[in-house]
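All remarks here apply to the structure that follows.
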Amino acid sequence: MIEIQAVSQRFKSGDSTVDAVHNVNISIKKGEIFGIIGRSGAGKSTLVRTLNMLNRPTSGKVLLDGKDMTSLSANDLRLARREIGMIFQHFNLLSSRTAYDNIALPLELAGKSKSEIEQKIAPLLELVGLTALKDRYPAQMSGGQKQRVGIARALANDPKVLLSDEATSALDPETTRSILELLQKINKELGLTIVLITHQMEVIKQICHRVAVMETGQVIEQGNVLDVFLQPKHPVTRAMIGDLIAQDLPKAVLERVRTRLEHPAANGNTDYLLRLAFTDSDVDQPLLSDATHKFALDFNILHGRIDEIQGQAFGSLALLVTGTQSNVAGAVDYLREKGVVVEELNHVI
């Protein structure tokens with residue numbers, strides 16, 4: 001569906017050149033939700049704007065359904081962009097237009113008649129749950145409602161691809177979940193390919209099928225979301241997953257853990273903050289109990305959760321483990337041999 005082939009994007013900064021995106025290769029399948037995640041400045045938003053040529057790449061190709069976007073004439077590019085909808089972090093709605101009129105704008109620009117526009121907008125308003133609010137102006141709507149208008153507007157021209165650039169970053173957690181559920185619904189009901197840009201691993205975990213992790217303009221890791229969560233290969237990916245767990249810990253617990261980690265016990269024991277991850281195939285085995293007895297460890301469970309990723313149960317535990325360095329290392333090796341993913345999170349705290 002989408003092929004990003006050796007794409008680089010360079011910008012001039014004074015006398016120097018900055019590689020905002022460097023030699024990125026990504027293949028996105030038709031009908032999937034593909035996440036691109038990275039911290040601020042990683043190059044993810046620059047990359048997504050090359051898909052619709054809002055940023056024309058310095059080198060490389062972007063293919064949409066086999067069509068090379070980088071080689072299109074200005075007129076052909078305008079037509080091709082109608083197949084790519086885009087939603088933004090700050091909504092980009094026109095304050096002087098109602099919800100209905102904001103959604104109608106791309107149809108008006110495409111030369112559609114009033115009756116055609118009305119026939120198109122009514123089901124879109126129903127899809128995003130805004131039929132009763134169609135005459136409201138942006139100033140009269142909440143952030144979540146404004147983003148729903150933005151989504152409906154992006155769908156007005158029946159695109160093949162929907163680009164979401166940090167579309168939930170300005171929203172509270174509950175509204176974020178509702179917007180992500182709406183995107184899942186659109187993906188399933190319309191078969192729309194969605195490319196989702198975010199800096200939040202929680203967003204990736206909730207709805208994406210596959211993910212690419214970016215750092216300093218490069219893709220450092222990519223794969224199925226479940227595989228990335230179970231076996232993160234790059235330190236940046238491991239840190240981002242660790243951040244997700246740290247965010248779930250109460251502030252008072254974090255402070256106590258920091259104190260423990262900063263002041264080792266005098267008896268030769270050391271505290272380690274560990275993350276254990278496992279799939280539903282491991283839940284009936286007493287592996288943690290076996291490891292703590294076998295290696296003479298003490299542990300406190302700080303946080304635990306069972307999630308579902310791509311229809312498969314995924315368990316995660318955050319533990320504060322106390323023991324000698326050699327015994328903790330032995331327990332970690334034992335758990336890994338049994339198929340449990342173990343990551344040390346001391347650096348996150």
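General remarks:
- Whole-percent carbon and sulfur share, accessible surface of the stretch 118-213, 1.4 Å: 45 percent
- Among A152, A42, A313: highest mean-square fluctuation, GNM of the chain, C-alpha pairs under 10 Å: A313
- Protein heavy-atom accessible surface, 1.4 Å probe, per residue over the chain: 48 Å².
- Protein heavy-atom surface of the stretch 282-328, 1.4 angstrom probe: 47% of the accessible area is carbon and sulfur, with nucleic acids and ligands not counted.
- Choice from Q147, Q312, Q285 with maximal GNM fluctuation in the chain (Cα, 10 Å cutoff): Q285
- Taking Lys and Arg as +1 and Asp and Glu as -1, the other residues whose beta-carbon sits under 13 Å from that of P106 total +2.
- Area of R153 that stays accessible when all protein chains are in place (1.4 Å probe, Å², to 10): 40 Å²
- Where K134, K61 fall by accessible area, highest first, once all protein chains stay in place (1.4 Å): K61, K134
- Estimated at the nearest 10 Å², the accessible area of H263 is 120 Å² with a 1.4 Å probe.
- Counted by Cβ distance under 13 Å from Q119, the other residues give a net charge of -1, where Lys and Arg count +1 and Asp and Glu count -1.
- Convex hull volume per residue for the stretch 301-349, taking Cα atoms only, in Å³: 95 Å³
- Relative contact order (%) - the stretch 269-333, alpha-carbon pairs under 8 angstrom, separation at least six: 47 percent
- Local charge for R39 was computed over the other residues whose Cβ lies under 10 Å away, with Lys and Arg +1 and Asp and Glu -1, and equals -1.
- Globularity index of the chain is 1.16 (Cα radius of gyration / 2.2 N^0.38 Å, N = number of residues).
- For the stretch 75-182, lysine pairs separated by 8 or more sequence positions, or belonging to different chains, with Cα-Cα distances below 17 Å total 5.
- For the pair E255 and E116 in one chain, pulling the backbone fully straight at 0.36 nm per residue adds 44.1 nm over the alpha carbon distance.
- Cα-projected label distance for S169 with S59, points at 7 Å along beta-carbon direction, nm: 2.8 nm
- Taking 7 Å steps out from each Cα toward its Cβ at A6 and L105 produces label points 3.8 nm apart.
- Note on Y137: accessible area is roughly 100 Å² with a 1.4 Å probe, heavy atoms of protein only.
- Comparing N102, N75, N25 in a Gaussian network model of the chain, where Cα atoms under 10 Å apart are tied by springs, the biggest mean-square fluctuation is seen for N75.
- Surface composition of the stretch 59-113: carbon and sulfur make up 50 percent of the accessible area, probe 1.4 Å.
The values are calculated or read from the model by the stated rules, or taken from the named source; none is laboratory data. Only a predicted model underlies this, so the values are computations on that prediction, with no experimental measurement involved. A quick note on method: Cβ atoms are made from the backbone with ideal geometry, for glycine too, and the neighbour counts reach across all protein chains shown. Heads up: the accessible areas ignore ligands, DNA and RNA and are worked out on the full protein's heavy atoms, side chains in. Shrake-Rupley method; radii C 1.70, N 1.55, O 1.52, S 1.80 Å.
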